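Inspection log for the structure reproduced underneath, given as structure tokens.
The values are calculated or read from the model by the stated rules, or taken from the named source; none is laboratory data. The structure presented is a predicted model; accordingly, all values stated were derived computationally and were not measured. For neighbour counting, all protein chains shown are included, and Cβ atoms are generated from backbone atoms with ideal geometry for every residue, glycine included. Heavy atoms of the whole protein, side chains included, go into the accessibility calculation; ligands, DNA and RNA do not. Shrake-Rupley method; radii C 1.70, N 1.55, O 1.52, S 1.80 Å.
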Amino acid sequence: TQLLEQSPQFLSIQEGENLTVYCNSSSVFSSLQWYRQEPGEGPVLLVTVVTGGEVKKLKRLTFQFGDARKDSSLHITAAQPGDTGLYLCASDNYGQNFVFGPGTRLSVLP
Amino acid sequence: DAGVTQSPTHLIKTRGQQVTLRCSPKSGHDTVSWYQQALGQGPQFIFQYYEEEERQRGNFPDRFSGHQFPNYSSELNVNALLLGDSALYLCASSTFDRGSRYEQYFGPGTRLTVT
């Protein structure tokens, strides 16, 4: 079973700062999803990346998939308090089942 | 268009009891997956149902079982509850349509507390 690692585990920043969180695996991803989860709610899908080197943007969020498809990053520009939450990466593990990383807990202070 | 719904929202049970959690998938979705999320951790895959059969199963004991109905809704049953079963139980729906096979949509979860 593919294992996903995420770093950092916790991140607390001031409003307006930029940040990057990472997702890594020892094996190649078939695809990678990023989710955001707020307390007491289920994860919400942000983006899916499939092709090595792929870059996708969602407003202030930029997602990058590594060329070797073994790592991914999420960069947030000018973070806002509404960005606070648990950021999870997940792989569909070649269609077997979705494997999630442990998450990065982000807190953006006003 | 209703998204994924789960019931109940919260549940408190005693060790040794049995519990049933319910999930209705997003309209147009035919696949339901169940996850357990312990506090401070990422979701852990329990199993997935498609065409009323269990297709995949994670590393969970047989105390965890499920069912999918013809209308694609699903139930998760946990027998002989342990304190360690306390968690947020998430249901996710998806479709085997190849154009969207990577996308799964989560419900709000059921918070189970075992005392």
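Tabulated values for the structure
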| quantity | calculated |
| --- | --- |
| Check on A:Gln64, in contact with a strand residue (DSSP E or B) (Cβ under 6 Å, 6 or more places away or on another chain) and open to solvent by 30 Å² or more (accessible area, probe 1.4 Å) | yes |
| Flag if B:Gly66 is surrounded by 18 or more Cβ atoms within 10 Å (Cβ to Cβ), within 14 Å of chain A (Cβ to nearest Cβ), closer than 25 Å to A:Cys89 by Cβ and not basic (Lys, Arg) | no |
| Strands (runs of 3 or more DSSP E) contained in the stretch A:27-110 and holding at least 1 residues closer than 20 Å to B:Gly40 by Cβ | A:32-37, A:44-49, A:71-76, A:85-91, A:104-109 |
| So A:Glu5, is it under 29 Å from B:Thr113 (Cβ atoms) and open to solvent by 60 Å² or more (accessible area, probe 1.4 Å) | no |
| The stretch B:36-46, residues that are touching a strand residue (DSSP E or B) at 6+ places or on another chain (Cβ under 6 Å), more than 8 Å from chain A (Cβ to nearest Cβ) and free of Cβ contacts under 8 Å to residues at least 60 places away in the same chain | B:Gln36, B:Ala38, B:Ile46 |
| Selection count, the stretch B:29-46, where residues are more than 19 Å from A:Asp92 (Cβ to Cβ) and open to solvent by 50 Å² or more (accessible area, probe 1.4 Å) | 3 |
| Test: residue in the stretch A:93-100 that is closer than 12 Å to A:Glu38 by Cβ and either away from every other protein chain (no Cβ under 14 Å) or surrounded by 19 or more Cβ atoms within 10 Å (Cβ to Cβ) (or both) | no |
| Qualifying residue in the stretch B:72-91 (condition: at the interface with chain A (Cβ under 10 Å from one of its Cβ atoms), closer than 30 Å to A:Arg105 by Cα and more than 12 Å from the chain's Cα centre (by Cα)) | no |
